[in-house]
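The values are calculated or read from the model by the stated rules, or taken from the named source; none is laboratory data. Computed from a predicted structure; not experimentally measured. Here the Cβ is made from the backbone with ideal geometry for all residues, glycine too, and neighbour counts use every protein chain on show.
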Amino acid sequence: MAVEGISGMVGTSGLTSVKQATPAQAQSSFTESLKSAIESLNETQQASDKMTQDLAAGKVDNLHDVMIASQKASVALDAAVQVQKKAIDAYTEMMRMSM
């Protein structure tokens, strides 16, 4: 029984190589990602606050949309707090390591 070779396989020529980032580039990338996430959280909180104020002023009739915006802001803030706690835990664990 003869075994035939596999044909029709695409080689790795279509794959791009992964660039290694320098520590400065990695720090810059992390800083930008963190800044973007905080700005997004802030925008969500501000949108929720504005909708709540508009509801209190009688400018918005749909309580449903206001409550959804409020819950989105609450969930986003809770997620940010959990990420902060995990980052602090990771930092604490790294400081405990002996070299």
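General observations
- Selected residue (criterion: nearest to the chain's Cα centre (by Cα)) from residues of segment 64-73 that are surrounded by 10 or more Cβ atoms within 10 Å (Cβ to Cβ) and free of Cβ contacts under 8 Å to residues at least 12 places away in the same chain: GLN71
- Search result, residues across segment 74-93 that are surrounded by 11 or more Cβ atoms within 10 Å (Cβ to Cβ) and not polar (S, T, N, Q): VAL75, ALA76, LEU77, ALA79, ALA80, VAL83, ALA87
- Check on GLN25, of a type outside the set (D, E, K, R), under 18 Å from GLN84 (Cα atoms) and more than 13 Å from the chain's Cα centre (by Cα): no
- Across segment 1-59, the qualifying residues are those that are β-branched (Val, Ile, Thr) and part of a helix (DSSP H, G or I), and the one among them that is modelled with the lowest pLDDT is THR12.
- Of all residues in segment 45-76, those satisfying the criterion of being under 29 Å from PHE30 (Cα atoms) and in contact with a helix residue (DSSP H, G or I) (Cβ under 7 Å, 6 or more places away or on another chain) are GLN45, ALA47, SER48, ALA69, SER70, LYS72, ALA73, ALA76.
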